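Engineer: What follows is a single structure, and I will ask about it in a moment.
The values are calculated or read from the model by the stated rules, or taken from the named source; none is laboratory data. Keep in mind that what you see is a predicted model, and the values were worked out from it rather than measured. Don't worry about glycine lacking a Cβ; one is built from the backbone with ideal geometry, like all the others, and counts go over all protein chains shown. Each accessible area value is taken on the protein alone, full model and side chains, heavy atoms only, with ligands, DNA and RNA left out. Shrake-Rupley method; radii C 1.70, N 1.55, O 1.52, S 1.80 Å.
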Amino acid sequence: MNIDLRDRWLYGLTLVLMCNHNFQKLENPFPGKQYRFTDFFNQPLPEYWLVRNKARDYQLLRIQAVDTSGPSDLSRDLRQLADHIPLFRKRLRARSLQVTALYVFPHGQKLLLPEHIQDMNSVDDKRSRLSVQFIHVQEEGWPYPELRAEGLDLTEVNIETEALLPKINRLAQFHTALELQDMIKAEEKRQEEAFNRVFRYGKPYLTMLFLIVNIGMFMFLEWVGSSTDPQTLITYGAKWNPLIIEGEYWRLVTPMFLHIGIWHLMFNSLALYFLGGAVERIFGTPRFLWIYLFAGISGTAASFAFTPNLAAGASGAIFGCFGALLYFGLKRRDLFFRTIGMDIIFILIFNLAIGFVIPMIDNYGHIGGLVGGFLAAAMVNLPGERHWRERAVTALASGLALFVLLNVGFNQPLDSPMYHLVQAEVLLNEEKVEDALFHIERAMEMGLNRPEVYVQLGAIYNYQEQYEKAEETLLLAKDKGADQAELYFHLSYAQLMLEKYDEGRVNLQEAISRDPDMMEAYYNLALVYKEQNEYAFAVEVIERAYQRGIRDEKLEELYEQILREQDGSSYVSSMSA
């Protein structure tokens with residue numbers, strides 16, 4: 001009877017803590033084998049682990065029924081518990097951890113271990129603390145016995161014990177052990193449903209759609225030109241300050257759907273899949289649409305205001321997802337840190353740090369998107385919330401911030417090294433060589449010493465038929481770290497014009513290895529083989545281009561000419577024989 005009373009009281013304590021004090025049941029955190037308290041039939045005694053947190057400060061309760069254990073069993077269990085506290089804190093990612101061990105005895109099993117209690121309570125490293133309590137449950141009085149529990153004191157976890165005990169006693173007196181276990185399971189299910197209502201409110205339909213659009217646009221750019229070609233990017237909507245100033249305001253939106261190269265697309269797609277999916281599940285699809293677009297526009301506006309560089313990518317909108325999750329963390333602080341909080345903060349800091357270290361990354365766009373996502377989330381609130389004053393104030397602040405950013409962008413001088421570098425490449429593609437040279441020289445005067453500058457300058461020297469200067473400049477670009485297909489293509493052209501055929505062929509092959517879809521490289525390489533009467537190699541080069549799906553009128557004419565000359569050469573050889 002006393003044992004049944006102990007179990008009912010333990011279940012009642014667990015239920016009250018879960019229902020009224022926001023504790024959640026935790027699976028046994030001990031790794032591997034653990035000493036277990038057992039009854040006379042060697043069956044495990046009731047045991048519950050409960051956890052709750054305030055941000056990163058955690059409270060962990062272990063409620064353990066005890067039967068006939070002796071001092072050595074309790075000492076072993078306590079020592080095992082104390083030894084694993086650092087592991088528990090690490091797993092919970094807690095800043096501080098208060099562990100309270102409650103051993104519940106039936107009446108008649110009083111066991112005082114002052115030396116062990118004192119030893120265990122000394123486990124306090126200012127970040128983790130263990131306290132131990134021995135609780136004795138009994139009924140007193142007749143004919144209406146009153147339930148009493150001695151030794152419980154939960155003031156360390158900010159719970160008023162005197163108010164707690166009557167609730168526990170009522171549950172223990174008026175319910176069976178099986179009923180209380182069922183009630184605990186029902187509370188677990190209720191907590192799980194509440195969790196799902198938060199993290200599975202929506203489904204990531206728009207996240208998948210944005211992924212498809214981004215991949216589709218990348219394939220389109222590669223089809224019409226190259227996703228790394230500035231002229232192609234500018235033509236199809238990248239952020240380019242001169243054109244925004246001229247009135248192409250739609251460029252504040254379109255850059256978030258373009259990407260510069262396959263790796264840019266892959267990293268952003270991966271981030272969008274996880275972060276966008278999380279935001280859409282928490283906020284729902286309509287709110288996610290607003291957050292994503294507003295964050296993307298905010299990121300583009302910040303980039304427009306503070307950097308003249310050509311820019312594209314979904315990074316601003318993705319950082320807006322970070323901002324939305326930080327807003328969720330502000331509103332659901334405890335749940336945030338108990339689930340995704342530390343991961344989100346670490347990844348965010350890591351990505352911002354990379355942006356400050358790597359010059360080519362547009363951190364202004366990232367920070368603008370981050371702030372924009374936070375503000376956008378505040379303008380729509382979490383599902384089920386209607387904070388009208390917060391929405392109005394945030395909308396006003398957001399509108400003012402965008403106005404300031406655009407005003408700064410429209411009044412900035414278009415005279416930066418990167419502006420001149422991109423402008424030179426665009427003009428060079430249009431064969432406006434003198435204008436391109438002016439911008440390259442201006443970029444160099446402003447201190448731009450990047451390899452791309454010398455690649456452009458070498459290309460200009462080729463246009464001007466200054467092949468020796470072109471070769472010298474392009475080799476300098478290579479020494480400075482340039483390794484793109486354009487470098488090897490322009491270098492090969494200069495060397496071929498200087499009749500350095502072997503070197504030119506090698507560099508054309510290098511260009512093809514870096515950009516297997518560069519038609520001009522296939523054409524020039526086949527042409528070199530043809531001029532050297534190596535027709536088989538020339539045919540092989542063009543057929544490799546055909547296998548890549550490259551079709552061009554010039555390439556086809558050269559192919560037919562090579563085949564004719566090859567046949568003629570074979571006929572002359574047979575006549576000579």
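Engineer: Quick one: pull the percentage of alpha-carbon pairs in region 411-507 with a separation above 15 Å.
Structural biologist: I get 58 percent for the Cα pairs in region 411-507 exceeding 15 Å.
Engineer: Using each residue's phi in region 252-258, evaluate 6.51 cos²θ - 1.76 cosθ + 1.60 at θ = phi - 60° and report the 3J(HN,Hα) Karplus result to the nearest Hz, with x for Gly and Pro.
Structural biologist: So the Karplus estimates, Gly and Pro as x, are 6, 9, 5, x, 5, 10, 10 Hz.
Engineer: Right, another one. How big is region 185-264 in terms of Cα radius of gyration and Dmax, in angstroms?
Structural biologist: 20.1, 65
Engineer: Among Ala401, His490, Leu74, flag the residue with its Cα farthest along the positive direction of the charge dipole of the chain, charges on Cβ as +1 for Lys/Arg and -1 for Asp/Glu.
Structural biologist: The residue sitting farthest along the positive end of the dipole is Leu74.
Engineer: If one computes the Cα centroid of region 239-266 and of region 334-357, what distance in Å separates the two points?
Structural biologist: When both Cα centres are located, 27 Å separates them.
Engineer: In addition: Positive end of the charge dipole of the chain (Lys, Arg +1 and Asp, Glu -1 on Cβ, about the Cα centre): tell me which of Leu370, Gly277, Ala186 has its Cα farthest that way.
Structural biologist: Ala186
Engineer: Can you give the FRET efficiency for Arg389 and Gln561, using 1/(1 + (r/R0)^6), R0 = 56 Å, r = Cβ-Cβ distance, to the nearest 0.05?
Structural biologist: 0.15
Engineer: Calculate how steeply helix 451-463 sits against the longest principal axis of the alpha-carbon atoms of the chain, using the helix alpha-carbon long axis, and give the answer as 0 to 90 degrees to the nearest 10.
Structural biologist: In the chain, helix 451-463 runs at an angle near 20 degrees to the longest axis.
Engineer: Might you work out the accessible area of Thr339 for me, using a 1.4 Å probe with all protein chains in place, and round it to the nearest 10 Å²?
Structural biologist: Here the accessible area works out near 50 Å².
Engineer: Just how large is the dipole of region 421-577 about the Cα centre, in debye to the nearest 20, putting +1 at every Lys and Arg Cβ and -1 at every Asp and Glu Cβ?
Structural biologist: The dipole magnitude comes to about 300 debye.
Engineer: Now for a different question. What share of all Cα pairs of region 275-431, in percent, falls into each consecutive 5 Å distance bin?
Structural biologist: 2, 10, 16, 20, 18, 14, 9, 6, 4, 2, 1, 0, 0
Engineer: Accessible area per residue, 1.4 Å probe, Å², for the chain: what's the number?
Structural biologist: 50
Engineer: About the Cα centre of region 161-299, how large is the charge dipole given +1 on each Lys and Arg Cβ and -1 on each Asp and Glu Cβ? Please answer in debye to the nearest 20.
Structural biologist: 300
Engineer: Rounded to whole Å and sorted largest first, what semi-axes of the equivalent ellipsoid does the C-alpha gyration tensor of region 246-309 yield via the square root of 5 times each eigenvalue?
Structural biologist: 23, 17, 9
Engineer: Rg and Dmax of the chain, Cα atoms, in Å?
Structural biologist: Rg, Dmax (Cα atoms, Å): 35.8, 130.
Engineer: For region 237-347, what log10 I(q)/I(0) values come out of the Debye formula at q = 0.15, 0.17 1/Å, with one point per alpha carbon and no solvent?
Structural biologist: Rounded to two decimals, the profile gives -0.67, -0.82.
Engineer: What is the helix-to-structure angle for 2-20, meaning the angle in degrees between its Cα long axis and the longest Cα principal axis of the chain, kept from 0 to 90 and rounded to the nearest 10?
Structural biologist: It is inclined by approximately 40 degrees.
Engineer: Follow-up question, since we're still on this one. Checking the table Lys25/Lys126; Lys25/Lys331; Lys167/Lys331; Lys126/Lys167; Lys90/Lys203; Lys239/Lys554 against a 27 Å threshold on Cα-Cα, which pairs fail?
Structural biologist: In this structure, Lys167/Lys331; Lys126/Lys167; Lys90/Lys203; Lys239/Lys554 lie more than 27 Å apart at Cα.
Engineer: In debye to the nearest 20, how big a dipole does the chain give about its Cα centre with +1 on each Lys and Arg Cβ and -1 on each Asp and Glu Cβ?
Structural biologist: 3340
Engineer: Between the alpha-carbon centers of region 415-476 and region 1-65, tell me the distance in whole angstrom.
Structural biologist: 72
Engineer: Using only alpha carbon pairs under 8 Å that are at least six residues apart, calculate the relative contact order of the chain and give it in whole percent.
Structural biologist: 9
Engineer: Just to be sure I understand the model, the point goes 7 Å from the Cα along the line to the Cβ. What's the resulting Arg36 to Ile354 distance in nm?
Structural biologist: Each label point lies 7 Å from its Cα, and together they span 4.5 nm.
Engineer: Charges on Cβ only, +1 for Lys and Arg, -1 for Asp and Glu, centred on the Cα centroid of the chain; of Leu258, Ala163, Gln98, which one is farthest towards the dipole's positive end?
Structural biologist: Ala163
Engineer: To the nearest 10 degrees, how steep is helix 315-331 against the longest Cα principal axis of the chain, on a 0 to 90 scale?
Structural biologist: 10
Engineer: With a point put 7 Å past each Cα toward its Cβ, work out how far Tyr501 is from Gln412 in nm, to one decimal.
Structural biologist: Between Tyr501 and Gln412, the label points sit 5.1 nm apart.
Engineer: Between Leu130 and residues 5 or more places away or on another chain, which pairs have amide H atoms under 5 Å apart, with H built 1.01 Å from N, and which residues are they?
Structural biologist: For Leu130, whose amide H was placed from the backbone, the distant partners under 5 Å are Val99, Val123.
Engineer: So who's got an amide H within less than 5 Å of the one on Gly313, skipping anything under 5 residues away but keeping other chains? H placed 1.01 Å off N, in plane.
Structural biologist: Met256, Phe257, Leu258
Engineer: Further question: Whenever you get a sec, compute what percent of the accessible area on the chain sits on carbon and sulfur atoms (1.4 Å probe).
Structural biologist: Here carbon and sulfur together make up 56 percent of the probe-accessible area.
Engineer: In addition: Please report the relative contact order for region 209-348, taking Cα pairs under 8 Å with a sequence separation of at least 6, and give it as a percent rounded to a whole number.
Structural biologist: Result for region 209-348 is 26 percent.
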